[in-house]
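Please read the structure below before turning to the comments.
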Amino acid sequence: MAGKHSHKPRSLPAAWRFIGPIFKRCRWRITAGILALLTVDLCQLVVPRIIKWAVDGLRNHTVDGSQLRNYAALIMLLALTVAVLRFMWRYLILGFSRLLEQDIRDALFHHLLSLDSAFFQRRSPGQLIALATNDLTSVQMACGMGLIAAIDALLMSFAAISCMAYIDLRLTLLAILPFPVLAVTTRILASRLHRHFKRVQEQFSLLTEEARGAINNIRLLKIYTREAAQCAQFDITGRSYIKHSLKVAKIQGVLFPASGFIANISLLIIVFFGGRMVISGTISIGGFVAFISYLFMLTWPMMALGWVSNLFQRGLTSLARIQEVMDERPLLQPVTAGRKIGRPDIISLRHLTFAYPGQERPRLKDINLDIRPGLLGIVGRTGSGKSTLCALLARLYPVEQGQLFINKLDVNDIDLNSCRRLLSFVPQSAALFSTTIARNIAFGAPETGRKEIEAAARAAAIHHEIMAFPKGYETEIGERGVLLSGGQQQRIALARALLLRAPILLIDDALAAVDAEAEAMIMAHIMAYAEENMVIMVTNRLSPLRQARQIAVLDKGRLTALGRHRELIAVSEIYRGIYAHQEFGNNKAELKNSADHLSNPACRRSYAA
Ligand SMILES: Nc1ncnc2c1ncn2[C@@H]1O[C@H](COP(=O)(O)OP(=O)(O)OP(=O)(O)O)[C@@H](O)[C@H]1O
Ligand SMILES: [Mg+2]
């Protein structure tokens, strides 16, 4: 869960290593934006000086109407320049922050696709979505508005203080006296703000996850009549989200008025002391008016500094979360320098032992097996490790050196993608995309023509059913294939694998929902295919395996028997058990014969050998 991961902001250099290159690439855009911003600030600083000249001129009767018009025209010109340049910097810098967001999002997505299932078991989709939305927005805000506000605030405060000091140094020192208090207050409030903001993001990811889970399992929810309970749970999480959001709003609500209040104390000081200075003639009225204008200019940057520090902190925290994922490495590093491999003649398992990452207990133990072209069946009770074995053959998890070989080459020395391309895999649960049937079948080779797609569908005994849909192969199958029956989904997943005509075809119990007639058609195709290729078929329906070259029986992660159907009936209790359950009634005679056969001592000896 979210709480397990540390979200400490990383050091600035670490953050810079990550986003620095994007800044470097956009350096001209950023420079132009900052220049526009600086010019805006400069123009703004000139205005009070013009007001000073005008006020002092009016008081001393040294300006006439045409000069006043000139001052007014100058102020207009400055205002116009400010308007144009403000648009420029917003366009340039905020545009940069969007480019940065896009770059990080792309990098994140690219990286996520390189990670393997072990990672996705640890991180929920909700967490990952929050990363790509909330966290990314924080980073974008820090690098866009944050950057602008920081530069603006620093520059404006420095310039305004300088201009004030130019009018009168003592008055300036008095006026900025409350500002350290302002800085400390904003700092404290900003850190509180940050703490609650973190909670808000965690709650948001929880909310997303709950909504996703409920929508994905809507049927289940209805059947178990859990809608009300689910709504109540959603409401609780929502309330917690709002509670923290309100805290954030409350602190923000305090932060800005408190900053404003402290800044107003400065105004009080100026009116009091500055007014006396005007009376005593130490400063002119124009200088006094300009001084107050500068003070107003100073208030925003001082508040902004507090806000910006918070924005940066948020951005850094979010960036740390993103970097944490970016630092994840796939368990299976693609051995790009590894050997490419051609058509496989033999896959050898040598004392293959495997435990899932982070687990002690091995799920496969000491398996020795040679797989050659032809049909290999894998049977075993539920949880015996059949799917685990498939996952290892499909190179989804790391295998120790010296345990799995293709053509006598250790798989760890073979280029990962070249290895995976040897194989097409029909997983146990048919995973389909919410697009058309044709695109689902052609997923592994999108450029495939309709003819091949149809041939694959025929081989999977689904062509006629597809043609019966009004839109045929162009039928949209809905979110994860909900518009299809279970058996149809399985056969489309099978067609997708058959289309690739890979030399190794791995089918993990993927025909369980297919009826006997369709199964017979599919098996006819598979048997023909197995004449030249390796077909590894996990199933607990034994009828298709009668023709298999070999059948491996797994039990609690061990290979307990290997042989053909008739042999296994005689020697493997587990196999016999599965067989008896399935074909009870039809095959009593066969079972009895086998038992008689086994009770014959000569026969027992031959199996033992
Ligand atoms: N991703 C995983 N992480 C950790 N343990 C797992 C994982 N997948 C499976 N297991 C465990 O490994 C063991 C073997 O599971 P596996 O899925 O290989 O069984 P199976 O023979 O395919 O069963 P079934 O016939 O029900 O499909 C089980 O005890 C299971 O709990
Ligand atoms: Mg399984």
**Item:** For the range 429-501, the fraction of alpha-carbon pairs in successive 5 Å shells from zero, as %
**Value:** 3, 20, 34, 30, 12, 1
**Fill in**
Heavy-atom accessible area of the range 95-326 with neighbours in place, 1.4 angstrom probe: carbon+sulfur share in percent works out to 69
**Request:** Quick one: pull the percent of accessible area on the range 403-527 belonging to carbon and sulfur, 1.4 Å probe, ligands and nucleic acids left out.
**Result:** 55
**Asked** Among bridges DSSP assigns within the chain, what percent are antiparallel (round to 5)?
**Response** 45
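Give me the net charge of GLY286's neighbourhood, meaning all other residues with Cβ under 10 Å from the Cβ of GLY286; Lys, Arg count +1, Asp, Glu -1.
+2
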**Links that overshoot a 31 Å alpha carbon limit, given the list LYS386/LYS471; LYS408/LYS556; LYS340/LYS365; LYS386/LYS408** = LYS386/LYS471
**Asked** Roughly how many debye, to the nearest 20, is the charge dipole of the range 429-501 about its Cα centre, given +1 on each Lys and Arg Cβ, -1 on each Asp and Glu Cβ, and no other charges?
**Response** 160
**Additional length obtainable on full extension of the chain from PHE261 to MET76, 0.36 nm per residue less Cα span** = 63.4 nm
**Prompt:** What's the long-distance tail for the range 247-356, i.e. % of Cα pairs beyond 21 Å?
**Reply:** 68
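What is the Cα radius of gyration of the range 323-389 over 2.2 N^0.38 Å, N being its residue count?
The range 323-389 yields a ratio of 1.47.
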**Fill in**
accessible surface per residue for the range 429-501, probe 1.4 Å, DNA/RNA/ligands not counted, whole Å² -> 50
**Item:** Span-like helix ranges in the chain, DSSP H, alpha carbon extent 24 angstrom or more, Kyte mean at least -0.5
**Value:** 27-60, 65-89, 95-114, 147-167, 179-216, 227-269, 285-326
**Request:** Calculate the length of the line joining the C-alpha centroid of the range 457-516 to that of the range 564-584, in whole Å.
**Result:** 30
**Request:** Could you please report the charge total around ILE522, scoring K, R as +1 and D, E as -1 over all other residues with beta-carbon less than 14 angstrom from its beta-carbon?
**Result:** -1
**For the range 226-286, the fraction of alpha-carbon pairs in successive 10 Å shells from zero, as %** = 19, 20, 17, 14, 11, 9, 7, 3, 0
**Item:** Förster-model FRET efficiency, 41 Å R0, TYR166 and GLN102, C-beta, rounded to 0.05
**Value:** 0.40
**Request:** Using +1 at the Cβ of each Lys and Arg and -1 at the Cβ of each Asp and Glu in the chain, identify which of ALA107, THR172, LEU369 lies farthest towards the dipole's positive end.
**Result:** THR172
**Prompt:** Given charges of +1 on the Cβ of Lys and Arg and -1 on the Cβ of Asp and Glu, with all other atoms neutral, how large is the dipole of the chain about its Cα centre, in debye to the nearest 20?
**Reply:** 1000
**Request:** Compute the signed sum of charges (Lys and Arg +1, Asp and Glu -1) over the other residues within less than 15 Å, Cβ to Cβ, of SER387.
**Result:** +2
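Taking N as the number of residues in the range 153-262, what value does Rg over Cα atoms divided by 2.2 N^0.38 Å take?
That ratio works out to 1.81.
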**Item:** Mean separation of Cα contacts under 8 Å (6+ apart) over length of the chain, as relative contact order %
**Value:** 14
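Once the Cα gyration tensor of the range 95-326 is diagonalised, what are the square roots of 5 times its eigenvalues, in whole Å and ordered largest first, as equivalent ellipsoid semi-axes?
Equivalent-ellipsoid dimensions as semi-axes: 50, 20, 11 Å.
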**Message:** Suppose a student asked you for the relative contact order of the range 95-326, using Cα pairs under 8 Å spaced at least 6 residues apart; what percent would you report?
**Reply:** 42
**Asked** Per 10 Å bin, what percent of the C-alpha pairs of the chain does each bin hold, from zero upward?
**Response** 3, 12, 16, 17, 14, 11, 8, 7, 5, 3, 2, 1, 0, 0
**Asked** Computed on alpha carbon atoms, what radius of gyration and Dmax characterise the range 13-57, expressed in Å?
**Response** 18.3, 56
**Request:** May I ask you to list the residues of the range 464-505 whose amide nitrogen lies under 20 Å from a point 7 Å from Cα along the Cα→beta-carbon direction of ALA524?
**Result:** 464-468, 488, 491-492, 494-496, 498-499
**Complete:** Note to self: with every protein chain in place and a 1.4 Å probe, the range 146-282 gives an accessible area per residue in Å² of 57
**Prompt:** Along the positive direction of the dipole of the chain (beta-carbon charges: Lys, Arg +1; Asp, Glu -1; about the Cα centre), which of LEU494, GLN550, GLY358 reaches farthest?
**Reply:** GLY358
**Prompt:** In whole Å, what is the distance between the alpha-carbon centres of the range 146-223 and the range 368-390?
**Reply:** 58
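The values are calculated or read from the model by the stated rules, or taken from the named source; none is laboratory data. As the structure is a prediction and not an experimental result, all values here were calculated from the model. As a convention, Cβ positions derive from the backbone with ideal geometry for all residues, glycine included, and neighbour counts pool all protein chains shown. The accessibility values were calculated without ligands, DNA or RNA, using every heavy atom of the protein model including side chains. Shrake-Rupley method; radii C 1.70, N 1.55, O 1.52, S 1.80 Å.
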